[in-house]
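*Asks:* Encoded as structure tokens, here's the structure I'll be asking about.
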Amino acid sequence: MQAVGIALAMLAAVLLSGVLARLLPLPLPLVQIALGFLISAVFGEGVRLDPDIFFLLFLPPLLFLDGWRIPKESLFREKLGIVQLAFGLVLLTVAGLGYLLHWLIPAMPLPVAFALAAIVSPTDPVAISAITRRNPLPRRIASILEGESLFNDVSGLVAFRFAVAAALTGTFSLSMAAASFLWTALAGLVIGVGVVLLVNFAKNWFTRRFGEEPGSEVLISLLTPFAAYVVAEHAQASGILAAVSAGVAMSYAELSGGALAVTRVNRKVIWDMLQFTLNGIMFVLLGEQFPAILDGAVTVVQETGHHQVWWLAIYVFVICLALILIRYAWVYASLKISHVFESRTRSDATPVSRRMILVVSLAGARGAITMAGVMTLPLVMPDGSAFPARDLAIFLAAMVIITSLLVASIALPALLGGLKAPVETRRHRQEALARKMAHDAAIKSVGLTLNELLETSSAPDTAVYTDAANRVLADLRDHHDSTDEQADPQEYQRRREAERLMRLAAIAASRQAIFELARTHRISDELAREQVQLLDLQEVRLSP
């Protein structure tokens, strides 16, 4: 019963954190960590976590959702900067910080130091967006940070797993690691896409014959990332990459527009709730585990000969400073290189200001993925002994998260204050195109629906259906007629039903026009999701 009580207390803490974060000038993850610490003080006994189960429960859905919702157009447009940050910076961080940690903390074996360096590499754009809610990031910078986060989640977690495997086996071969990485990466990508294709084929086959059940559709979307992850792991491939590629494949499959509007509305609500809950529980768990983690970290520090507890603060300061300096140097160099190449093709290319370089450097706050990954460090070695410096590694990762969030919450609002973001003319053009095509498709559909109704109606209904069509067209053209009085209640009901059918047809036609624009890459998939969501809400309101 105590375990159930702790679980319910954690859910209540996640719920309460959303309220407190709006009242207090603190980032949401810090509030959740504090509430977790309070739970630990109340119950006095921590939750014992199984690393493998923890990894399976938290990472696949979060990575799947990242791959699903990330704007693909921005991803391809900013691919050079994203690749430099997501792969080059991660490799530099793992190598540089790994050796620094081993030198600074001799009790931490080199593979464990590499594992810690790898797991603090992934960044968290969700935390940054919460910090910069009042002073939003320029759209281009936000797109680069979102793309970086998606891929450095993958690169950091894969490097983390290789480092942990080296710590467990005591051996590491670069050639074998490279060959293993190629297999796990390629197989993971293929399996993730294959699972989505197979699931969608079976789902569409069933739907065509028996109809669509929204609840089942939502449940299928929730189970898909776990299916991709488990299948990939059984094939000795990367379940992480499988989950991400499944999310990307799902975003493209979504452009077919096959699901019902109520399914898409329910699915978005459920996934938003799941993302908030999983992120929150991870940080609450961190706070709940913190006292035990701190005790273990102090023991490891004392083994190094540093008997003063304040050495932990020195470790945290050095790690965070190294992360900021490495990131700043890499961002500065990569932006300079990008500007040189851009200047060769564009005469109006402008260099990025030092202010923006600082923003990108300090926007590398760590969050949920770092927390989920470091919690999966093995408890014991193959010989049954305790995994070396496990509690210290978890403590340092937790303090990196807290410190990076505090630094970002203080520095970013100051750097972004008074900054004028450039006008997003590209997005405005796409919005105008989407509205025009959707409007034209809706008007055309009203005429088609009217013809269908006239073909199957009796003579007295002709005037009713024509009047209904005129009213719908007037609404579409923003000419509203408020005269609703009818002499015959039955005629009034027939007209209202005809209006409803025409409006539903107009919404369906507009939605298909939006999907077609996204499929042909004339508008971004992000904009398409926004516009389709508005249309879905209208359809749900009109549905019986």
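*Asks:* Using 0.36 nm per residue, how much length does the chain from Leu223 to Leu476 gain when fully extended, once their Cα-Cα distance is taken away? Could the numbers behind the result be given before it?
*Replies:* Numbers: separation 253, 0.36 × 253 = 91.08 nm, distance 3.96 nm.
Full extension from Leu223 to Leu476 adds 87.1 nm.
*Asks:* Throw me the Rg/Rh for the stretch 492-544, computed over C-alpha atoms with Kirkwood Rh, two decimals. All intermediate terms of the calculation are to be shown ahead of the outcome.
*Replies:* Values: Rg = 13.1 Å, Rh = 11.9 Å.
Rounded to two decimals, Rg/Rh equals 1.11.
*Asks:* Could you give the length gained on full extension between Leu454 and Leu23, defined as 0.36 nm per residue of separation minus the Cα-Cα distance, in nm? Please list the in-between numbers first.
*Replies:* Details: separation 431, 0.36 × 431 = 155.16 nm, distance 5.84 nm.
Additional length available on full extension: 149.3 nm.
*Asks:* How big is the Cα convex hull of the stretch 91-155 in projection, averaged over all directions, in nm²? Display every interim value, and only then the final one.
*Replies:* Values: hull surface 20.6 nm².
Averaging across all directions leaves 5.2 nm² for the Cα convex hull.
*Asks:* What chymotrypsin sites (Phe, Trp or Tyr not before Pro) in the stretch 52-124 are in a loop by DSSP, with at most 10 other Cβ atoms within 10 Å of the Cβ? Present the calculation step by step, with values, prior to reporting the outcome.
*Replies:* Values: sites: Phe54, Phe55, Phe58, Phe64, Trp68, Phe76, Phe87, Tyr99, Trp103, Phe114; in loops: none.
Passing sites in the stretch 52-124 do not exist.
*Asks:* Could you check the spin-label model distance between Arg344 and Ala432? Points 7 Å from the Cα along Cα→Cβ, value in nm.
*Replies:* Placing both labels 7 Å beyond Cα along the Cβ direction yields 3.5 nm.
*Asks:* Next up: Taking the Cα centre of the chain as origin, work out the dipole magnitude from +1 charges on Lys and Arg Cβ and -1 charges on Asp and Glu Cβ, in debye rounded to 20. If you can, show how the numbers build up before the last one.
*Replies:* Numbers: 44 positive and 45 negative charges, 323 e Å.
So the dipole magnitude of the chain works out to roughly 1540 debye.
*Asks:* Could you list the trypsin sites (Lys or Arg not before Pro) in the stretch 36-109 that lie in coil according to DSSP, counting only those with at most 15 other Cβ atoms within 10 Å of their Cβ?
*Replies:* Numbers: sites: Arg48, Arg69, Lys72, Arg77, Lys79; in loops: Arg48.
Of the trypsin sites (Lys or Arg not before Pro), the ones in loops of the stretch 36-109 whose Cβ has at most 15 other Cβ atoms within 10 Å are Arg48.
*Asks:* Let me ask another. Among Pro106, Leu56, Leu75, whose Cα projects farthest towards the positive end of the dipole of the stretch 1-124, with charges put on the beta-carbon of Lys, Arg (+1) and Asp, Glu (-1)?
*Replies:* My answer, from the dipole projection, is Leu75.
*Asks:* Let me ask something additional. Would you mind getting the accessible area per residue of the chain, heavy atoms of the protein chains only, 1.4 Å probe, in Å²?
*Replies:* Values: 26510 Å² over 544 residues.
In whole numbers, the chain has 49 Å² accessible per residue.
*Asks:* Given only helices, namely DSSP H runs of n ≥ 4 each adding -39500 (n - 2.57), what is the per-residue ellipticity at 222 nm of the chain, to the nearest 500 deg cm²/dmol?
*Replies:* Working: 21 runs with 423 residues, N = 544.
My calculation for the chain gives -27000 deg cm²/dmol from helical runs alone.
*Asks:* How do 92-98, 504-510, 117-123 rank on mean C-beta neighbours within 10 Å, highest first?
*Replies:* Averaged packing, sorted descending, gives the order 117-123, 504-510, 92-98.
*Asks:* Could you give the semi-axes, largest first, of the ellipsoid that matches the stretch 50-201, computed as the square roots of 5 times the alpha carbon gyration tensor eigenvalues and rounded to whole Å? It would help to have the intermediate numbers written out before the result.
*Replies:* On the way: eigenvalues 151, 94, 45 Å².
Ellipsoid half-lengths, sorted descending, are 27, 22, 15 Å.
*Asks:* Debye sum, Cα scatterers, the stretch 362-457, no solvent: what log₁₀ I/I(0) at q = 0.11, 0.26 1/Å?
*Replies:* With one equal scatterer per Cα and no solvent, log10 I(q)/I(0) is -0.67, -1.19.
*Asks:* Could you grab the Rg to Rh ratio for the stretch 209-312? Cα atoms only, Kirkwood for Rh. Present the calculation step by step, with values, prior to reporting the outcome.
*Replies:* Working: Rg = 21.4 Å, Rh = 17.5 Å.
My calculation of the ratio gives 1.22.
*Asks:* As an exercise, find the ratio Rg/Rh for the stretch 1-128 from alpha-carbon atoms, using the Kirkwood inverse-distance average for Rh. Please report the intermediate quantities before stating the final value.
*Replies:* Working: Rg = 18.7 Å, Rh = 18.1 Å.
Rg divided by Rh gives 1.03.
*Asks:* Still on this structure, please answer the following. If R₀ is 35 angstrom, what is the calculated FRET efficiency for the pair Ala386 and Val318, using the beta carbon separation as r and rounding to 0.05? Could the numbers behind the result be given before it?
*Replies:* On the way: r = 25 Å, r/R0 = 0.71.
The pair Ala386/Val318 has a calculated efficiency of 0.90.
*Asks:* So how compact is the chain: Cα radius of gyration and Dmax in angstrom?
*Replies:* Computed over the Cα atoms of the chain, radius of gyration and Dmax are 27.0, 97 Å.
*Asks:* What shape does the stretch 60-136 have by the C-alpha gyration tensor, where a ≥ b ≥ c are the square roots of the eigenvalues, rounded means a/c under 1.5, and otherwise prolate means a/b greater than b/c and oblate the rest?
*Replies:* Taking the square roots of the gyration eigenvalues as a ≥ b ≥ c, the stretch 60-136 is prolate.
*Asks:* At a Förster radius of 51 Å, what calculated FRET efficiency corresponds to the Cβ-Cβ distance of Arg500 and Ser353, to the nearest 0.05? Walk me through the numbers on the way to the answer.
*Replies:* On the way: r = 54 Å, r/R0 = 1.06.
The pair Arg500/Ser353 has a calculated efficiency of 0.40.
The values are calculated or read from the model by the stated rules, or taken from the named source; none is laboratory data. What you see is a predicted model; the values in this text were computed from it and never measured. Virtual Cβ from ideal backbone geometry, glycine too; neighbours counted across all protein chains shown. Ligands, DNA and RNA are stripped out before the accessible areas are found, and what is left, the full protein with its side chains, is counted by its heavy atoms. Shrake-Rupley method; radii C 1.70, N 1.55, O 1.52, S 1.80 Å.
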